[in-house]
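To start, the structure itself, in structure tokens.
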Number of protein chains: 2
Amino acid sequence: MEMGTGNNDNNIGYMSRSLMWLKGLSDKMKDKVIEFVNMTIKLATDDIRRVIHSIKVGLALTIVSLFYYFQALYNSFGVSAMWAVMTVVVVFEFSVGATLGKGLNRALATFVAGALGVGAHHLAVKSGNTGEPILLGIFVFLLAASTTFARFFPKVKARYDYGMLIFILTFCLVSVSGFRNDDILELAHKRLSTILIGASACLIVSICVCPVWAGEDLQNLVSLNIEKLASFLEGFGEEYFKTSEEENPKGEKAFLTGYKSVLNSKSNEETLANFAKWEPGHGRFMYRHPWKHYLIVASLSRECAYRIDALNSHLSSRIQMNEEVGSKLEDICTKISLESSKAMQELASAIKTMIIPSSSTSHITNLKESAENLQCLLKYELWKDVEFLQVIQVVTVTSILIEIVVCVEKIANSVHELAGIAKFKNKKDHPKSNNVSKEKSKAESSKVGILPDHEVVVTVKD
Amino acid sequence: MEMGTGNNDNNIGYMSRSLMWLKGLSDKMKDKVIEFVNMTIKLATDDIRRVIHSIKVGLALTIVSLFYYFQALYNSFGVSAMWAVMTVVVVFEFSVGATLGKGLNRALATFVAGALGVGAHHLAVKSGNTGEPILLGIFVFLLAASTTFARFFPKVKARYDYGMLIFILTFCLVSVSGFRNDDILELAHKRLSTILIGASACLIVSICVCPVWAGEDLQNLVSLNIEKLASFLEGFGEEYFKTSEEENPKGEKAFLTGYKSVLNSKSNEETLANFAKWEPGHGRFMYRHPWKHYLIVASLSRECAYRIDALNSHLSSRIQMNEEVGSKLEDICTKISLESSKAMQELASAIKTMIIPSSSTSHITNLKESAENLQCLLKYELWKDVEFLQVIQVVTVTSILIEIVVCVEKIANSVHELAGIAKFKNKKDHPKSNNVSKEKSKAESSKVGILPDHEVVVTVKD
């Protein structure tokens with residue numbers, strides 16, 4: 001009896017544990033599903049073009065695979081028509097440039113390798129039945145090894161990597177197939193035509209349905225990166241000089257960490273520039289748009305981001321000094337960071353809108369003036385009644401600020417250069433703003449660096 | 001007569017111009033060829049594994065394509081045997097991890113997509129002759145669109161991007177082929193087997209012939225990056241304090257620019273870590289080696305590189321101050337940079353050799369001591385008879401040096417953590433060095449950060 005109860009208890013215990021375990025499992029599953037759904041929604045809403053791209057791929061594939069059902073196309077290509085489908089799958093990329101680059105690479109490499117393959121096959125056939133596989137083997141080995149090595153050349157890697165791959169693939173396909181199949185010319189011809197069909201389908205869908213231009217993405221990325229730096233600088237003054245009461249230790253503000261993505265954006269920018277080079281002229285961009293120059297601007301912004309990173313590491317330490325000097329210092333530092341921020345914002349929007357930046361020159365002049373004022377202040381007034389560690393703090397932060405001013409000037413120069421090469425419009429030519437004075441447009445066209453260092457200081461307008 | 005001479009002159013002039021042009025062209029060609037040869041030699045000698053890799057690809061391809069000539073294999077697979085060749089071309093990558101990752105992705109995706117494709121085909125067949133292409137079209141659209149979207153998930157993108165591509169490809173191939181071909185099960189089966197043959201050939205050649213392990217590359221890269229920082233710091237003291245006579249304006253020294261590649265190494269490291277995760281245990285690495293932790297060390301070294309970049313921008317400006325203070329300052333700064341360099345070198349070699357760093361702890365203690373001495377020196381002695389701009393210079397440089405000391409400490413801590421997780425060996429366990437005292441090995445196992453700040457200062461040995 002007792003044992004029976006014990007068993008029952010055990011059973012109940014076991015069942016309740018099982019139920020608990022099952023509940024735990026289902027809760028975990030629920031969490032996973034919710035997480036997945038949230039992630040999906042975030043990915044889709046962050047960039048709606050991702051959804052559109054997915055639909056475009058589905059569309060292109062369906063169109064090409066439907067071709068397969070048509071008797072006419074099937075009759076002329078047979079099973080090879082499947083290569084058109086394959087081409088769509090591997091060639092369709094997110095941006096027009098990437099798709100075009102891959103499609104051209106694939107088509108050109110197939111053409112050259114097909115011709116070479118046919119040649120190799122004819123050579124091999126002449127050497128008799130035993131010699132044929134040996135000669136073909138040697139050809140395949142030499143071509144594969146040399147082409148694989150060619151893929152290590154940086155220029156080839158950047159633009160023709162995929163072409164090299166397809167070159168080896170098609171050569172093997174054509175030359176080796178020749179051993180079993182005498183219609184090798186037909187094979188090469190079919191492969192090339194089906195690939196052309198697939199690549200054209202990709203390009204048509206890619207360009208006609210909500211095109212994503214890598215060049216535009218590059219432009220936006222470079223502009224956004226500068227904006228991120230600007231928003232750090234905009235908030236910096238206030239954040240650094242705020243009194244301890246206002247401090248909000250928990251909420252690390254977004255503008256203070258936004259610049260961090262700029263530090264590691266190099267490979268992304270280079271990829272986009274490589275894709276952009278493939279793109280035909282479109283919208284505001286002509287064919288040979290100076291994409292390389294965007295990389296120069298980007299690399300200067302990255303240098304500025306390194307300085308900002310150094311500045312950020314000093315944000316946690318506050319300075320306390322006598323009120324008079326402190327407030328003077330606060331004024332100038334805040335002015336410098338605000339003015340830098342404004343100049344950067346102007347440059348960012350100039351890159352985005354492709355209008356020559358009109359007021360960045362005056363911002364930079366202000367900046368230089370302020371930087372000099374800051375140095376004077378430090379020189380004559382700062383050292384009275386200030387503890388030494390504070391001095392180190394102040395000098396470090398201010399000298400980083402001065403370095404940032406230099407960076408901003410460099411960025412401004414490179415943007416002005418870009419504006420010249422890429423033929424940015426003048427603001428007055430732009431339909432939206434006809435009320436710009438002559439004096440301003442004169443300042444626009446002159447490069448920032450050539451201006452004399454000490455011009456009249458224009459007061460900051462908000 | 002006159003005209004004739006004129007014509008002759010013209011002809012001679014034309015011919016000589018043509019000859020000049022031809023000569024110029026051939027010179028240009030020669031230059032191009034020489035440049036190409038030099039580039040090839042440089043690529044090959046910089047990393048001989050590139051040549052070996054090319055030969056390996058040729059070898060694997062030749063082996064697999066030779067299979068095609070054997071009657072037996074051709075009889076069982078027919079033209080599909082070509083897929084084995086294709087698989088070798090697209091799957092064979094530079095490192096074992098990349099090859100394994102791509103091969104597994106391809107095989108697994110083919111298996112799943114093949115099964116799904118057969119299922120879709122059977123469903124479509126049931127819906128009659130008109131319904132079949134419509135239903136197939138809908139299937140292809142839905143699967144292609146959803147899988148393409150899945151490729152945007154960061155985790156999928158990092159490890160399964162290629163698998164997703166092959167998943168779409170195989171599904172289309174199998175389901176669409178079914179419309180014209182009833183042996184669809186055989187098609188799916190053939191595709192899977194040929195891909196398995198190709199992938200296995202890649203893996204066997206990749207692992208058996210001079211394998212390139214991505215994990216080892218990652219380890220070497222992280223170690224090399226720290227070494228580059230170390231060699232900057234080693235040369236910094238001397239470079240900064242040298243008198244103007246010794247200056248050598250033309251020769252920008254290699255150690256002063258070597259660190260720059262560290263600034264942008266993130267994407268490279270992440271790719272290698274992703275490949276390394278695929279690799280089986282080999283040599284000193286077990287299967288689940290903590291590759292992620294190498295990324296942490298790498299990111300801390302990058303932070304240090306940002307500071308070094310800031311330091312580098314001050315190299316051009318020399319300081320001039322009274323001799324006594326100047327030489328004291330020189331002593332301490334040089335000591336800090338040398339000691340940091342030694343600590344970094346020790347850490348770099350610890351990562352490379354997988355032996356717990358033995359003396360980095362004492363270097364760090366020295367560093368902290370020196371940093372404090374530096375602050376004291378600045379506090380009490382520096383400001384006499386020194387021009388203000390010099391003070392700014394000195395304070396900035398020294399405070400960056402102090403920040404670098406913090407970075408070095410962080411790197412040391414993360415390397416010690418890595419040593420714990422990855423089970424680095426003790427130096428005394430290592431056959432080469434049995435003469436390590438007990439005291440030292442005690443220091444080895446303790447983490448740097450927990451040590452008291454003011455320990456006995458060990459003098460620097462060269």
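All conditions but one from (1) without any contact (Cβ under 8 Å) to a residue 40 or more places away in the chain; (2) in contact with a Leu (Cβ under 9 Å, 6 or more places away or on another chain) apply to residue A:138; the one that does not is (2).
Any chance the stretch B:114-134 includes a residue that's in a helix (DSSP H, G or I), within 9 Å of another protein chain (Cβ to nearest Cβ) and in contact (Cβ under 8 Å) with a residue 24 or more places away in the chain? For the stretch B:114-134, residues in a helix (DSSP H, G or I), within 9 Å of another protein chain (Cβ to nearest Cβ) and in contact (Cβ under 8 Å) with a residue 24 or more places away in the chain: present.
Taking the conditions (1) closer than 16 Å to residue A:192 by Cα; (2) outside any helix (DSSP H, G or I) in turn, residue A:88 satisfies each one other than (2).
Is it the case that the stretch A:175-184 has a residue that's in the same structural domain as residue A:67 (by TED's automatic domain parsing), in contact (Cβ under 8 Å) with a residue 40 or more places away in the chain and of a type in the set (Asp, Glu)? So that I can check it myself, show each step before the final result.
The first filter runs over the stretch A:175-184 and keeps only residues in the same structural domain as residue A:67 (by TED's automatic domain parsing), leaving A:175-184.
In the following step, the residues that additionally are in contact (Cβ under 8 Å) with a residue 40 or more places away in the chain were identified as A:175-176, A:178-179, A:184.
Narrowing the set further to residues that are of a type in the set (Asp, Glu) leaves none.
Taking every residue of the stretch A:175-184 in turn, none turns out to be in the same structural domain as residue A:67 (by TED's automatic domain parsing), in contact (Cβ under 8 Å) with a residue 40 or more places away in the chain and of a type in the set (Asp, Glu).
Given the criteria aliphatic (A, V, I, L, M), assigned to a helix (DSSP H, G or I) and either under 21 Å from residue A:270 (Cα atoms) or more than 13 Å from chain B (Cβ to nearest Cβ) (or both), does residue A:104 qualify? Answer is yes for this residue. Out of the residues in the stretch B:69-84 meeting the condition of being at pLDDT 70 or above and more than 20 Å from residue B:183 (Cα to Cα), tell me which one is least open to solvent (accessible area, probe 1.4 Å). So the residue we want is B:69.
Looking at this structure, is residue A:91 crowded, with 22+ Cβ neighbours inside 10 Å and in the same structural domain as residue A:194 (by TED's automatic domain parsing)? The answer is yes for residue A:91.
Restricting attention to the stretch A:170-180, the residues that are at the interface with chain B (Cβ under 9 Å from one of its Cβ atoms) and assigned to a loop (DSSP other than H, G, I, E, B) total 2.
Here residue B:318 meets each of (1) among the charged types (D, E, K, R); (2) outside any loop (DSSP other than H, G, I, E, B); (3) at pLDDT below 85 with one exception, condition (2).
Per-residue answers, yes or no, for (1) in the same structural domain as residue A:412 (by TED's automatic domain parsing); (2) open to solvent by 10 Å² or more (accessible area, probe 1.4 Å); (3) over 30 Å from residue B:37 (Cα atoms):
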{"site": "A:137", "(1), (2), (3)": "no, no, no"}
{"site": "A:140", "(1), (2), (3)": "no, no, no"}
{"site": "A:203", "(1), (2), (3)": "no, yes, yes"}
{"site": "A:228", "(1), (2), (3)": "yes, yes, yes"}
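Taking the stretch A:270-315 as the range and being of a type in the set (Ser, Thr, Tyr), assigned to a loop (DSSP other than H, G, I, E, B) and within 13 Å of chain B (Cβ to nearest Cβ) as the test, only A:313 passes.
Residue A:167 meets all of the listed conditions (1) open to solvent by 60 Å² or more (accessible area, probe 1.4 Å); (2) within 14 Å of another protein chain (Cβ to nearest Cβ) but one, namely (1).
Apart from one condition, residue B:410 fits all of (1) within 30 Å of residue B:285 (Cα to Cα); (2) modelled with pLDDT under 70; the exception is (2). Residues in the stretch B:37-61 that are open to solvent by 20 Å² or more (accessible area, probe 1.4 Å) and over 25 Å from the mean Cα position of the chain (by Cα) were compared, and the one that is farthest from the other protein chains (Cβ to nearest Cβ) is B:37. Of the residues in the stretch B:374-390, none is farther than 21 Å from residue B:310 by Cβ, assigned by TED's automatic domain parsing to the domain that holds residue B:310 and at pLDDT 80 or above.
Taking the listed residues A:145, A:199, the one that is touching a residue at least 12 places away in the same chain (Cβ under 8 Å), open to solvent by less than 50 Å² (accessible area, probe 1.4 Å) and either touching a Leu at 6+ places or on another chain (Cβ under 9 Å) or assigned to a helix (DSSP H, G or I) (or both) is A:199, with no other qualifying.
Going by what's in this entry, would residue B:12 be described as of a type outside the set (D, E, K, R) and within 23 Å of residue B:272 (Cα to Cα)?
Working: of a type outside the set (D, E, K, R): yes; within 23 Å of residue B:272 (Cα to Cα): no.
Judged against the criteria, residue B:12 is not a match.
The values are calculated or read from the model by the stated rules, or taken from the named source; none is laboratory data. Note that this is a predicted model, so its numbers are computed, not measured. Reconstructed Cβ throughout: ideal geometry from the backbone, glycine too, with neighbour counts over all protein chains shown. The area values use the complete protein model at the heavy-atom level, side chains included, leaving out ligands, DNA and RNA. Shrake-Rupley method; radii C 1.70, N 1.55, O 1.52, S 1.80 Å.
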